[in-house]
Amino acid sequence: MKRFLSFLFGFPAFVLLAAFALANRKWVTISFDPLTPEDPLFSVRAPLWAVLFAGIFLGLVAGGIATWIRQGKWRRRARKARFDLEEERMQRERLQKRLEETVRNDARSLPGPSSLRRAS
């Protein structure tokens with residue numbers, strides 16, 4: 001079902017993007033020099049669709065990085081919670097061993113069932 005839905009929405013999106021790329025295949029000059037627009041120091045020529053797709057891609061990357069940075073607090077909290085949980089687990093195991101040793105030692109010091117019968 002997931003694959004079907006992916007194809008159902010992905011194929012029309014691909015067709016629209018391909019049509020957009022074909023309709024906007026003229027070359028444009030992108031200038032990075034605002035002071036001399038007629039003779040730019042650094043410029044790039046590329047098809048218009050490539051410029052638009054590169055802008056979308058760079059926006060997605062920038063958004064992903066911003067989201068990753070904003071979630072740092074939650075990742076830090078999760079790491080601390082994992083560390084605290086491991087410490088608690090180790091402490092529980094230590095206490096469990098001490099309890100078992102105490103029960104064993106107490107059982108040895110108590111009188112056995114045979115000594116109880118003789119006293120009665």
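Below are the figures for this structure:
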| read-out | value |
| --- | --- |
| Filter pass, residue 49 being exposed (fewer than 10 other Cβ atoms within 10 Å of the Cβ), at pLDDT 85 or above and at negative phi | no |
| Matching residues, the range 12-41, being among the charged types (D, E, K, R) and either touching a residue at least 24 places away in the same chain (Cβ under 8 Å) or closer than 18 Å to residue 53 by Cα (or both) | 25, 26 |
| Where residue 94 falls short, out of the listed (1) in a helix (DSSP H, G or I); (2) modelled with pLDDT under 90 | (2) |
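The values are calculated or read from the model by the stated rules, or taken from the named source; none is laboratory data. All of these numbers come straight from a predicted model, not from anything done at the bench. Don't worry about glycine lacking a Cβ; one is built from the backbone with ideal geometry, like all the others, and counts go over all protein chains shown.
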